[in-house]
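Scroll down for the structure; my scribbles are underneath it.
Each reported figure results from applying straightforward, stated rules to the coordinates on display, with no laboratory input. Source: prediction; values computed, not measured. As a convention, Cβ positions derive from the backbone with ideal geometry for all residues, glycine included, and neighbour counts pool all protein chains shown.
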Amino acid sequence: MTVKISHTEVIQRFFKEAAGFSSDNGNPRLKSIILRILQDSARIIEDLDITEDEFWKSVDYLNRLGGRSEAGLLVAGLGIEHFIDLLQDAKDEQAGQTGGTPRTIEGPLYVAGAPVCEGLARMDDGSEEGVAIVMFLEGQVFDLSGQPLAGATVDLWHANTKGTYSFFDQGQSEYNLRRRIITDAQGRYRARSIVPSGYGCDPQGPTQECLDQLGRHGQRPAHVHFFISAPGHRHLTTQINLSGDKYLWDDFAYATRDGLVGEVQFRDDGARGVAGRYAELRFDFQLQQAVAPAAEQRSHRPRALQQV
């Protein structure tokens, strides 16, 4: 029989001391969070009869996870990032803030400072010419009443044909497949890029190690990430997953949602001035009004910044 002591007064006092409640210094919010983590961790250890070997193996796993900078990947793979979106959806519904393009996860691969273009952007550097399929991606940004939003910023990024991202893949040029496009007077954005590939977790990495133990794959469908912002409107973090992909509705990161599937049309008629096969993808966005100035900004999540 498992001995349980986490609820005793002695242990609760001990956890409060460890969380800094005996000191007037420090951050009260963080103290409350750490106390809850200590209490819940103790209950897990007791309720599931965690052995010392299991506990220290978990500590080693966290060290390896951080060493590979895969914590952001794991929280997506375990559905925690998707849960945060679902929780915010529920809060919005309760507050009467509905409508517009659905949010979905950001993922861990954004890089700040991408080049800014007016209306039209060439996203790829040409390094995969002859290998990649050229993709023309375009659409409009609207408010909830259907009025186009001129001067909105469409910040987008995606993988190459190998499923890797510039900055994190040192073999790619700076800001390859990353741009910020300012919409024109009709709220339009247009980009020439390439059809991205989906990707999988590193088979030798700690995220896939965990997924293997859960009996799950670590694959993502082809997708394009977006930050959409406009003055007076709520910032939108979203992505569109491309139709026809094997993993479209089996995304290990749970990012595919109704209303966020991009219907890709492949053509070879030469109408775009491209020899051979090319792809077209149109996707429009609708933004909610911002109820406060802070809602116009994206979260303060730490992100990579290209050193120039």
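Structure notes:
- Within the chain, longest stretch clear of exposed chymotrypsin sites (Phe, Trp or Tyr not before Pro) (DSSP loop, no more than 16 other Cβ within 10 Å): 22-167
- Each of Ile44, Ile105, Ile5 was scored by other Cβ atoms within 10 Å of its Cβ. Listed from fewest to most, they are Ile5, Ile44, Ile105.
- Here the sum of -39500 (n - 2.57) over DSSP H runs of 4 or more residues, divided by the residues of the chain, equals -8000 deg cm²/dmol at 222 nm, to the nearest 500.
- Distance between modelled label sites at Val59 and Gln94, nm, 7 Å Cα→Cβ extension: 3.8
- Footprinting exposure proxy ranking of Ile182, Ile228, Ile37, fewest other C-beta atoms within 10 angstrom first, gives Ile37, Ile182, Ile228.
- Pairs from Lys31/Lys57; Lys91/Lys246; Lys57/Lys246; Lys16/Lys57 whose Cα-Cα separation, in the structure shown, is over 31 Å: Lys91/Lys246; Lys57/Lys246
- Net length available on complete extension from Arg36 to Glu52 is 3.6 nm, with 0.36 nm assigned per residue and the Cα-Cα distance removed.
- Among the trypsin sites (Lys or Arg not before Pro) in the stretch 184-217, those located in a DSSP loop and surrounded by at most 16 other Cβ atoms within 10 Å of their own Cβ are Arg216.
- Using the Cβ-Cβ distance between Arg282 and Phe83 with R0 set to 35 Å, the FRET efficiency works out to roughly 0.70.
- Legend: Rg and Dmax of the stretch 80-305, from Cα coordinates, 17.5, 52 Å.
- Computed over the Cα atoms of the stretch 71-177, the ratio of the radius of gyration to the Kirkwood radius (Rg/Rh) comes to 1.01.
- At 0.692 mPa s and 37 °C, Stokes diffusion of the stretch 1-154 via Kirkwood alpha-carbon radius, µm² per second: 153
- Each 10 Å bin, from zero up to the one with the longest distance, holds this percent of the alpha carbon pairs of the stretch 155-231: 16, 37, 29, 13, 4, 0.
- Neighbour cut-off at most 12 other Cβ (10 Å), DSSP loop, GluC sites (Glu not before Pro), the stretch 225-308: Glu263
- Top of Glu118, Glu81, Glu93 by mean-square fluctuation, Gaussian network on the chain, Cα under 10 Å: Glu93
- Across the stretch 36-86, the volume of the C-alpha convex hull divided among the residues equals 101 Å³ per residue.
- GNM flexibility winner over the chain from Ala230, Ala253, Ala95 (Cα, springs under 10 Å): Ala95
- Extended-chain gain in nm, criterion 0.36 nm per residue less alpha-carbon gap, Ser22 and Gln289: 91.7 nm
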